[in-house]
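Enquirer: Below are the structure tokens for one structure; questions will follow.
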Amino acid sequence: MKVISYTDIIRLNIPVKDCYQWVEEMIRDKNSAHLQPKISMKPKEDVFCNVMPGIIKSTDGLQGGVKVVTRYPSRAPGLDSKLLLFDAESGRFLALMDANWITAMRTGAVAAHSIRLFAKKDFCRIGMMGLGNTARAVMLFLAELMPERELEVCLLSYKGQEKLFAERFAEYQNLKFRFAEKPEDIIRESDVAVSAVTYLDDDICSDGCFPEGILVVPVHTRGFTNCDLFFDKVYADDYGHVCHFKNFDRFRSFAEVSDVVNKKAPGRENDRERILAYNIGISLHDINLASHIYQMADLEKLPDIDLQEPAEKFWI
């Protein structure tokens, strides 16, 4: 079994468009995969451990994986991810790999996919809150995939992160940045609102702040439960990950994103609809990226883990 580190992945210099394609194909092929809702354990307040298993069909046959994500606010960085990849045809374990880059990139790609799928046709105003790596990944995909579109991006000011964010994307001439002090000021002026804020005690603003036609993408799901009750349509990456939401039975309309892509459910039908996209994060995307990374890696140069497992049936 190989060990693939964060540095090993970065050195592959994987193109943004390739990552997007891998996410796009997994959204399309979701129903051919085996997926269980993530197991989320919270040993104490503000700490979690999520275990995310899945099996997908890849060019190499069935590939399985288990991703473990932990959040410890006192740790730097607070979030950490690892993924165990295995051959689901033979049961052979292939690699233990860092999944921090994978998590950030697939999350950004999924959010960008929802924006391109559900935003109104000529969207140009994007509001962003929570300006960490996830938000940067979303912006990176939009910048790379839509270089011809002029986008006005309003960033929620927070500890100077908004300036660092704008500096990161200064090379993209089609992006124009401005800053706002309150979430309401961002929401009211946005065609698309993206929130990557990891923790909120309550909803971020009142119902009247959301204009007709807005698409809201709450990456970490928090802060928009009021929208559940009056938005025209709600979409998610997986029914099993949202069916326990307190307002699920009160959604006006619900469908999985994959069903829209495969023409089994309608998407946006006019530019007045308010739409909410809950992409909770499913292991299938992580496993697909991990499978492609494994194929790209120079395995001969990577270290092995020898667990010295038994060679034959053993008895206690």
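The values are calculated or read from the model by the stated rules, or taken from the named source; none is laboratory data. Here the structure is a predicted model, which is why all the values come from computation and not from measurement. Reconstructed Cβ throughout: ideal geometry from the backbone, glycine too, with neighbour counts over all protein chains shown.
Enquirer: Scan the strands (runs of 3 or more DSSP E) fully inside segment 1-58 and keep the ones with 3 or more residues being closer than 13 Å to Ser291 by Cβ.
Expert: Because the criterion is at least 3 residues that are closer than 13 Å to Ser291 by Cβ, the strands (runs of 3 or more DSSP E) in segment 1-58 that meet it are 48-58.
Enquirer: Which residues, counting only those in segment 285-316, are crowded, with 19+ Cβ neighbours inside 10 Å and in a loop (DSSP other than H, G, I, E, B)?
Expert: Matches in segment 285-316: none.
Enquirer: Sticking with this structure for a sec: Can you tell me which condition His113 does not meet? The list is (1) in contact with an Asp or Glu (Cβ under 8 Å, 6 or more places away or on another chain); (2) buried (at least 18 other Cβ atoms within 10 Å of the Cβ); (3) in a strand (DSSP E or B), and all the others hold.
Expert: Going through the list (1) in contact with an Asp or Glu (Cβ under 8 Å, 6 or more places away or on another chain); (2) buried (at least 18 other Cβ atoms within 10 Å of the Cβ); (3) in a strand (DSSP E or B), His113 breaks only (3).
Enquirer: Moving on. Kindly provide the set of residues from segment 256-284 that are among the β-branched types (Val, Ile, Thr), in contact with an Asp or Glu (Cβ under 7 Å, 6 or more places away or on another chain), within 30 Å of Leu84 (Cα to Cα) and not in a loop (DSSP other than H, G, I, E, B), ordered by number.
Expert: Result: Val257, single match.
Enquirer: Tell me which residues, restricted to segment 219-237, are modelled with pLDDT of 95 or more, charged (D, E, K, R) and surrounded by fewer than 22 Cβ atoms within 10 Å (Cβ to Cβ).
Expert: Scanning segment 219-237 gives Asp228, Asp232.
Enquirer: Kindly evaluate Val16 against the criterion of being over 22 Å from Phe86 (Cβ atoms) and in contact (Cβ under 8 Å) with a residue 24 or more places away in the chain.
Expert: Answer is yes for this residue.
Enquirer: Pairs please, first residue from segment 110-121 and under 22 Å from Ser283 (Cα atoms) and among the hydroxyl-bearing types (Ser, Thr, Tyr), second anywhere and at pLDDT 95 or above and surrounded by 21 or more Cβ atoms within 10 Å (Cβ to Cβ), Cβ atoms under 8 Å, 6+ apart in sequence or on different chains.
Expert: Once the first residue is under 22 Å from Ser283 (Cα atoms) and among the hydroxyl-bearing types (Ser, Thr, Tyr) and sits in segment 110-121, its partners that are at pLDDT 95 or above and surrounded by 21 or more Cβ atoms within 10 Å (Cβ to Cβ) give Ser114/Leu215; Ser114/Val217; Ser114/Tyr235; Ser114/Val257; Ser114/Ala277.
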